[in-house]
Amino acid sequence: MAARVGALKGWRQLLLGLVAGAALGLVQAPWSFPLAFFVALPVIFWLHTGAAAQRRAAAVGWFAGFGYFGLTLVWIVEPFLVDIARHGWMAPFAIFFMAAGLAAFWAAAFWLAPRGKVFALVVLWSTVELARAYVFTGFPWVLLGQGWLETPLIQVVYYIGVHGLGLLTLTGIALLSKLRVRQMLIGSAIFAALWGFGTYRLSQPVIPRTDGFVVRIIQPNVDQKLKWLPEFQAEFFQRQLDLSALDGRHDIVIWPEASVPFLIEERPDLLRVMASSVGSEIIFGARRHDDVGNWYNTLVLLYDGGTRTEVYDKQHLVPFGEYVPFQRILQLTKVSALTGRGWTAGDVSPILSVGETPSFLPLICYEAIFPSLASEVSVPVDWIVQITNDAWFGEFSGPYQHLAQARVRAIEQGKPLARSANTGISALIDPYGRIIDSIPLGRMGVIDVALPAQLPRSFYGRTLDWPITGILLLLTILQLLPVKRRRP
């Protein structure tokens, strides 16, 4: 099989790369089929080995990446369909250029790796996967290691992060793809060890907090097309108040991102209404602006009867969604339809805590996809709170992938994560990434869940991506150095 795949030339070679890349995408949510690793990755390795030249190898990598990202990021068209009359024409361009741009990272690895040197490809592929978490503000969506989420193997990210798991994945399957007994035994041992370690971790009981702190998470399920229409705003606001006031003991209530239709600095009366209706502290998403005209996407912690607030302004904004890079240039083109108002990134400490509420790390929307962002705090916190409006992602793959990444962050940090999403999927996740309770996608509802205790601060939480960066940098240098051959 390896020889036949490696012997392919021309369009057949590139077509198989495209198909193998798409098949590899099946490891991600909502499919969550990790066996695809063992089918797709060997084919991609064999295609690289059989490439006739470095340029051809890069083409194989690009087509594999285009297949992978074209499938996994198909949800990217959804935001353009909310206002289809204005933005619908951009949808096919969005998925094409997003997949093509991310595939370029893979192409670079395939071009740099000497043909036939599968472990050089492993190192460089892992390096570009790490790079896309940071380059151009970063977009670490559907990282390879995340494909193990529904298996015990994902538990190792508590120590080495999702990038480290990605490196082990590529290494193990590269060994298996050699089809030699010794290498296959070593590759199998890697996956067996990861499985055993993860199974042991998952056998550990989840310890409840001694204070019995109960979190209420609401999911209002507001249609994105109606959300900001003036005639519906009062109805949607009241819906959230009613859900929050339902019977049941709770110590705090969490509303989703951008859940109130007013500016918090202009309506203190409505903040008091919220506090009196709910009867506890509230975390909610809002918009606010400062004295110099900057607008912020904000998470608010409301307490003391609605008279006091603590705020966190979103720090990692979505390019072309919340701000537009190169805005002056783009305003000269038809893409100016996307430039809009623009938001300002926050710069305050992300840790929030008042009174009896355990200290927490706030994350707004896609901030949860960044492994390092969930770690960049100097003081340990007890839990993580993510508020989001996943209505932008449609109802197919986007919301499931976003939830999956939040679960990985919980494992990496060893902390429970509470997630309130406008249309779903809202959930309380334990420190091992397991969903304790949730509200299905597209439904209105509320859940009350006792907050689990956190685990000891993880190795990854203390070191971030520095160890894996150092390892990959060293291995990359070693792979790219010329090898002197001994004379016979």
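Scan 25, 65 and give me the residue that is touching a residue at least 60 places away in the same chain (Cβ under 8 Å), assigned by TED's automatic domain parsing to the domain that holds residue 128 and either of a type in the set (A, V, I, L, M) or under 26 Å from residue 151 (Cα atoms) (or both).
Values: 65 fails: touching a residue at least 60 places away in the same chain (Cβ under 8 Å).
Residue meeting the stated conditions: 25.
Among the residues of the range 102-122, is there at least one that is closer than 23 Å to residue 401 by Cβ, assigned to a helix (DSSP H, G or I) and without any contact (Cβ under 8 Å) to a residue 12 or more places away in the chain? No: the range 102-122 contains no residue that is closer than 23 Å to residue 401 by Cβ, assigned to a helix (DSSP H, G or I) and without any contact (Cβ under 8 Å) to a residue 12 or more places away in the chain.
Just one of the listed residues (64, 20, 3) is surrounded by fewer than 24 Cβ atoms within 10 Å (Cβ to Cβ) and part of a helix (DSSP H, G or I), namely 3.
The set of residues in the range 157-169 being surrounded by fewer than 23 Cβ atoms within 10 Å (Cβ to Cβ) and either among the hydrophobic types (A, V, I, L, M, F, W, C) or in a loop (DSSP other than H, G, I, E, B) (or both) consists of 160, 168. Is it the case that residue 130 is over 21 Å from residue 57 (Cα atoms) and in a helix (DSSP H, G or I)? In short, no.
The values are calculated or read from the model by the stated rules, or taken from the named source; none is laboratory data. Everything numeric here is computed off the predicted structure, so don't read it as measured data. Cβ atoms come from the backbone with ideal geometry, glycine included; neighbour counts cover every protein chain shown.
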